[in-house]
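The structure appears right after this line, and notes come after that.
The values are calculated or read from the model by the stated rules, or taken from the named source; none is laboratory data. These numbers come from a predicted model, not from an experiment. Here Cβ is always computed from backbone atoms with ideal geometry, including for glycine, and neighbour counts include all displayed protein chains.
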Amino acid sequence: MALWNEKNATPEPMPAPPPSGDLRPRPAVAAVPGATAASAAAAAAAAEASHRAKERTEALKESALAAELTIEGKISGNGSIRIAGRFKGDLSVKGSVTIEAGAHVEGEINAGTVVIAGELAGNILNARQVDVLATGVITGDVKAGSITVAAGSRMRGHVEFGWEPPAGMPNGSLTAGH
């Protein structure tokens, strides 16, 4: 930012103040030499609109299995899933799998992030991060980049974390037997 007494310095445009009640962080807008305040404001508005659209898209990518529902089958896709009921089958998603307290899942999980607050009878493979909350119970093996285990949680199985994937495995994936 230019100081007030520098010659030939143009002041950087100030970002627009957030609307009242909106305390979300705003994306930074870099000053471009010769840019007008109007073009900087337009760039800030476009960045904010893009940020809001991304938040809506991310929110829409999570599906839910409600409490008191039981489903048997296979779930796969690019989004995330939150399970509050009972599910029997394999889950393979690029996003996250959250098993709520009171929920029960029987099957293998392959996801980016796995949060266990309920019960899982099965293996977790290929996870970047696994969080086992205080109410979480796992009966099965876990292979992940990192794992967080809360006091009070329970697990019976084999755990591997923090290892680099074997040569030839795509994008950090870990599989059974490797």
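Any residue in region 127-140 that is part of a strand (DSSP E or B), touching a helix residue (DSSP H, G or I) at 6+ places or on another chain (Cβ under 8 Å) and more than 25 Å from Ala66 (Cα to Cα)? Spell out how you get there, then give the answer.
Start the filter on region 127-140 by keeping residues that are part of a strand (DSSP E or B), which leaves 127-132, 137-139.
Among the residues that remain, those that are also touching a helix residue (DSSP H, G or I) at 6+ places or on another chain (Cβ under 8 Å) are: 128.
Going one step further and asking which of them are more than 25 Å from Ala66 (Cα to Cα), we end up with 128.
Yes: region 127-140 contains one or more residues that are part of a strand (DSSP E or B), touching a helix residue (DSSP H, G or I) at 6+ places or on another chain (Cβ under 8 Å) and more than 25 Å from Ala66 (Cα to Cα).
Given (1) at pLDDT below 95; (2) part of a strand (DSSP E or B); (3) of a type outside the set (S, T, N, Q), where does Ala49 come up short, assuming only one miss?
Ala49 satisfies every listed condition except (2).
How many residues does region 111-131 contain that are closer than 15 Å to Val159 by Cα and either buried (at least 20 other Cβ atoms within 10 Å of the Cβ) or of a type in the set (Gly, Ala, Ser) (or both)?
Of region 111-131, the ones closer than 15 Å to Val159 by Cα are 114, 116, 120-131.
The next check asks that each one be either buried (at least 20 other Cβ atoms within 10 Å of the Cβ) or of a type in the set (Gly, Ala, Ser) (or both); those that pass are 114, 116, 120-122, 124-127, 130-131.
Counting residues in region 111-131 that are closer than 15 Å to Val159 by Cα and either buried (at least 20 other Cβ atoms within 10 Å of the Cβ) or of a type in the set (Gly, Ala, Ser) (or both) gives 11.
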